[in-house]
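What follows is one structure encoded as structure tokens, with my remarks underneath.
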């Protein structure tokens, strides 16, 4: 593959299958092709692709990046799900921002994504049903995950029902806590509701491999983490230390092993 070093060659399906636990999915948030390959090679079943993760919590990647990651993972069985979020800050969007997101949903799916990760709220902290309907319609049947905007709604069980009615396949949540590890009790309360609706409940937010067993015991269907570490680099003409985040193979492998141990 042009631009990819030999030791970053596309992992094969048998290589991946040997490291993936059964039953509970492992999703890794990544920001580039190299991170996607690391996640696939070390046990992820799905990636969430975004950019500016550390600085903003994640924003929409370019269509070119989506296409490159989809090409890199083609044939591996690892799903490519793309965050569609136009800016940092809250999740209340004006009409122009909604239009951008609808266009981005279509663009990233056309570029090869398997699904999208979205979220929108009203000013009073409820799911914005009109915006969500537009985003689900733009996804044209592809998997839709509702992101951690879910964590700030008031009645999460009722919100799960609303998301189900809207056609959402999966919800990413910490159970409303600062981290998923601290939200285990709420995740356990939500798990049977999600199961009854056919919605996949995915634990995410500050997850470390040591949290995996407790999250699985709470009844979640998937575990999401970023597995990031910072590496130094040349600051360039803009100054600064040039540090950037990369996907840590050891953390991905540890999370996959933790899932394997409780599967």
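May I ask you to list the residues of the range 192-236 whose amide nitrogen lies under 16 Å from a point 7 Å from Cα along the Cα→beta-carbon direction of residue 161?
Inside the label zone: 192-199.
Fewest Cβ neighbours within 10 Å first, please rank 224, 81, 42 accordingly.
81, 42, 224
Within the range 130-147, name every residue whose backbone N is under 13 Å away from a label modeled 7 Å from Cα of residue 95 along the Cβ vector.
Counting only backbone N, you get no residues.
Percent relative contact order of the chain, based on C-alpha pairs within less than 8 angstrom and at least six residues apart?
Relative contact order, the chain: 18 percent.
By its C-alpha gyration tensor, with a ≥ b ≥ c as the square roots of the eigenvalues, how is the range 107-235 shaped: rounded for a/c under 1.5, else prolate for a/b larger than b/c, else oblate?
The shape class here is oblate.
When 1/r is averaged over all different Cα pairs and the result inverted, which Kirkwood radius in Å belongs to the range 159-263?
Every distinct Cα pair counted, the radius reaches 15.1 Å.
I want to verify a result. In a Gaussian network model of the chain, Cα cutoff 10 Å, which of these has the top mean-square fluctuation: 28, 47, 199?
Ranking 28, 47, 199 by mean-square fluctuation puts 199 first.
Evaluate the distance, in nm, between pseudo-label points positioned 7 Å from the Cα of residue 106 and of residue 34 along their respective Cα→Cβ axes.
3.5 nm
Rank the residues 62, 179 as a footprinting-exposure proxy: fewest other Cβ atoms within 10 Å of their Cβ go first.
With the sparsest Cβ surroundings first, the list reads 62, 179.
Only the coordinates and a few stated rules stand behind these numbers; no lab work does. No experiment lies behind these values; they were computed from the predicted model shown. So basically every Cβ, Gly included, is an ideal-geometry build from the backbone, and we count neighbours across all protein chains shown.
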